[in-house]
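So the structure is just underneath, and the comments pick up after that.
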Amino acid sequence: MPAPENNIVPVLIIGTSVVVVLIAGLFFFVIVYQRKMIKNQVALRRLEDERQQELLKAVISAQESERKRLAEDLHDSVGQVLSAIKLKLHKIDRLSEGQNAMLAETRQLTDECIQEIRNIIHNVLPPVLTDFGLVDALEALCTKMDTNTPIQVTFTRKLTNERFASAIELTLYRIAQELFGNAVKHSEASAIHVELARNGQTLIMSFRDNGIGFNIDSVKHGFGIKNLRSRVQLINGKIDIYSKPLSGTITTINVPLPRG
Ligand SMILES: Nc1ncnc2c1ncn2[C@@H]1O[C@H](COP(=O)(O)OP(=O)(O)O)[C@@H](O)[C@H]1O
Ligand SMILES: [Mg+2]
């Protein structure tokens, strides 16, 4: 009969091995499971991002087509009626040989009203953008901002007067509108410089103000900046905002142009 302690050694060895194998198996299982979970989460997040992107795309395109419809409706309905009224008033004025002061005032009001409607239409969808393209439209927007605000606005074009895909033109125009809005509302700038350039297959718009700047990390992000990022993403572009308190803000947008 072997001594009882001699029997215990192999049992201990086997027992320990089984426990080690079990623990190793458990570890392996936990690691594999965790990896799978992480993989699933990444896939889920990507799916969510994609869905959000699609949703955003749909919202922006619905918003744009609604704006287009509104601009056309305003032009065709109210615009036409006002023009007819203006014509009739002109005729009446001629018949009364300019003797009626109230008529002159009414003509003046009608002119103002037509101008207001035109301004609304131009803000909603500027005809210069659809007819002449981004380069001219941006220049016209800069001239308008220079005239209508105390800020000195300058524009430089470093490209020929070419046309780009309408999504790119509209997106960059809307971005410029938002950046002007932000500069006027928040920057206290005295000067703004806008530049549009083409470098090979990249279209670059830069927008610089000499205002108070802001801290991008700590500022409360409004919809404006979020919207800019989404819009740029939708045309596969890249947006960089450099801003420091007291040293103004520079926003640059790079958009790849399709070849051909
Ligand atoms: N050009 C700028 N100069 C200074 N501050 C700015 C400028 N642009 C944006 N900001 C700051 O960033 C914030 C977020 O801007 P935005 O997302 O467009 O929202 P909103 O314009 O509705 O406040 C603004 O409230 C403002 O504090
Ligand atoms: Mg804003």
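The values are calculated or read from the model by the stated rules, or taken from the named source; none is laboratory data. None of these values were measured; they are calculated from a predicted model. Here Cβ is always computed from backbone atoms with ideal geometry, including for glycine, and neighbour counts include all displayed protein chains.
Give the number of residues within the stretch 231-260 that are assigned to a loop (DSSP other than H, G, I, E, B) and either within 16 Å of ligand 1 (Cβ to nearest atom) or not assigned by TED's automatic domain parsing to the domain that holds ALA165 (or both).
Qualifying residue count for the region: 5.
Specify which of the listed residues (THR156, THR143, THR106) is of a type in the set (Ser, Thr, Tyr), closer than 22 Å to ARG208 by Cα and in contact with a Leu (Cβ under 9 Å, 6 or more places away or on another chain).
Working: THR143 fails: in contact with a Leu (Cβ under 9 Å, 6 or more places away or on another chain); THR106 fails: closer than 22 Å to ARG208 by Cα.
Among THR156, THR143, THR106, only THR156 is of a type in the set (Ser, Thr, Tyr), closer than 22 Å to ARG208 by Cα and in contact with a Leu (Cβ under 9 Å, 6 or more places away or on another chain).
Can you pull out every residue in the stretch 211-252 that is closer than 14 Å to ASN182 by Cβ, of a type in the set (A, V, I, L, M, F, W, C) and under 17 Å from the mean Cα position of the chain (by Cα)?
ILE216, PHE223, ILE225, LEU228, ILE239, ILE241, ILE250
Test each condition in (1) farther than 18 Å from LYS238 by Cβ; (2) crowded, with 17+ Cβ neighbours inside 10 Å; (3) of a type in the set (A, V, I, L, M, F, W, C) for ILE168 and report the one that comes out false.
Checking ILE168 against (1) farther than 18 Å from LYS238 by Cβ; (2) crowded, with 17+ Cβ neighbours inside 10 Å; (3) of a type in the set (A, V, I, L, M, F, W, C), the one that fails is (1).
So, of the residues in the stretch 216-228 that are within 16 Å of ligand 2 (Cβ to nearest atom) and more than 27 Å from LEU257 (Cβ to Cβ), which turns out to be surrounded by the fewest Cβ atoms within 10 Å (Cβ to Cβ)?
Of the residues in the stretch 216-228, the ones within 16 Å of ligand 2 (Cβ to nearest atom) are 216, 219-228.
Next cut, more than 27 Å from LEU257 (Cβ to Cβ) only: 216, 219-223.
On the way: ILE216: 13, VAL219: 11, LYS220: 5, HIS221: 10, GLY222: 10, PHE223: 9.
If we take residues in the stretch 216-228 being within 16 Å of ligand 2 (Cβ to nearest atom) and more than 27 Å from LEU257 (Cβ to Cβ), then LYS220 is surrounded by the fewest Cβ atoms within 10 Å (Cβ to Cβ).
Give all pairs with beta carbons closer than 7 Å in which a residue from the stretch 134-152 that is small (Gly, Ala, Ser) meets a residue that is in a helix (DSSP H, G or I); count only pairs at least 6 apart in sequence or on separate chains.
ALA137/VAL128; ALA137/LEU129; ALA137/TYR173; ALA140/VAL128
Does the stretch 60-76 include one or more residues that are surrounded by 11 or more Cβ atoms within 10 Å (Cβ to Cβ), at pLDDT below 90 and of a type in the set (Ser, Thr, Tyr)?
yes
Quick check, is PHE207 within 16 Å of ligand 2 (Cβ to nearest atom) and closer than 27 Å to ILE120 by Cβ?
Working: within 16 Å of ligand 2 (Cβ to nearest atom): yes; closer than 27 Å to ILE120 by Cβ: yes.
For PHE207, the condition - within 16 Å of ligand 2 (Cβ to nearest atom) and closer than 27 Å to ILE120 by Cβ - is met.
For the stretch 70-102, how many residues are within 46 Å of the chain's Cα centre (by Cα) and not acidic (Asp, Glu)? So that I can check it myself, show each step before the final result.
Applying the first criterion (within 46 Å of the chain's Cα centre (by Cα)) to the stretch 70-102 yields 70-90.
Checking which are not acidic (Asp, Glu) leaves us with 70-71, 74-75, 77-90.
Residues in the stretch 70-102 being within 46 Å of the chain's Cα centre (by Cα) and not acidic (Asp, Glu): 18 in total.
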